[in-house]
Amino acid sequence: MPQLEFTCTLQASIENAFDFIIRPDNIVDISQPDMGINVISGPDKVTEGSRVEFEITGIGMPQKLVHEYSQFREPVHFWEIQIEGPLQSMQHEHLFEEDAGGVIIIDRIEFEPPAGMLGFLLTEDRIAKH
């Protein structure tokens with residue numbers, strides 16, 4: 001299964017960084033504009049068991065995604081798992097580590113590209129790029 005890992009260091013407290021990331025509207029604000037991500041439904045702040053429905057228009061035709069959030073250990077860790085969407089599977093681990101007055105955010109994503117015709121458009125490389 002393909003895996004991606006991204007890290008980002010911020011001059012913020014671990015609590016503030018965690019609080020920012022668990023708000024779906026903030027994810028929309030910091031995502032690449034060409035992805036066309038919109039929150040369709042979900043809470044203002046995700047918690048254990050929350051589900052958020054997104055729409056993404058930047059990968060060809062509009063795609064609906066539903067993610068469920070689990071394994072919360074505030075403010076250091078949680079999982080985001082695709083319940084419905086174009087990928088065969090997707091698990092996104094969010095980790096937060098304190099670092100010299102700031103925080104390191106680590107995103108680990110495992111995914112399986114879609115099958116069928118959509119798989120020709122939404123390849124592993126294209127997914128990794130976005």
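Structural remarks
- Any pair with Cβ under 8 angstrom, 6 or more apart, that starts in the stretch 26-40 at a residue that is modelled with pLDDT of 90 or more and ends at one that is assigned to a helix (DSSP H, G or I): Asn26/Phe20; Ile27/Ile21; Ile37/Ile27; Ile37/Val28; Asn38/Val28; Val39/Pro24; Val39/Asp25; Val39/Val28
Per-residue answers, yes or no, for (1) small (Gly, Ala, Ser); (2) over 24 Å from Ala17 (Cβ atoms); (3) modelled with pLDDT of 85 or more:
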| site | (1), (2), (3) |
| --- | --- |
| Val46 | no, no, yes |
| Arg51 | no, no, yes |
| Ile81 | no, no, yes |
| Leu95 | no, no, yes |
| Asp99 | no, no, yes |
| Gly102 | yes, no, yes |
| Ala115 | yes, yes, no |
| Phe120 | no, yes, no |
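- Those residues of the stretch 8-38 which are loosely packed, with under 15 Cβ neighbours inside 10 Å, in a strand (DSSP E or B) and either in contact with a Pro (Cβ under 6 Å, 6 or more places away or on another chain) or among the hydrophobic types (A, V, I, L, M, F, W, C) (or both), in sequence order: Cys8
- Per the listing Ile83, Ile106, the residue uniquely in a strand (DSSP E or B) and more than 21 Å from Phe6 (Cβ to Cβ) is Ile83.
- Residue count for the stretch 75-101 under the criterion of being of a type in the set (D, E, K, R) and touching a residue at least 40 places away in the same chain (Cβ under 8 Å): the result is 3.
- The residues on offer are Glu55, Glu5, Glu48, and the sole one that is exposed (fewer than 14 other Cβ atoms within 10 Å of the Cβ), touching a Phe, Trp or Tyr at 6+ places or on another chain (Cβ under 6 Å) and either part of a strand (DSSP E or B) or free of Cβ contacts under 8 Å to residues at least 60 places away in the same chain (or both) is Glu48.
- Residue in the stretch 64-74 that is closer than 24 Å to Pro113 by Cβ, of a type in the set (D, E, K, R) and in contact (Cβ under 8 Å) with a residue 12 or more places away in the chain present: yes
The values are calculated or read from the model by the stated rules, or taken from the named source; none is laboratory data. Predicted model only: the values in this text are computed from it and were never measured. Ideal geometry is used to build each Cβ from the backbone, glycine not excepted, and the neighbour counts take in all protein chains shown.
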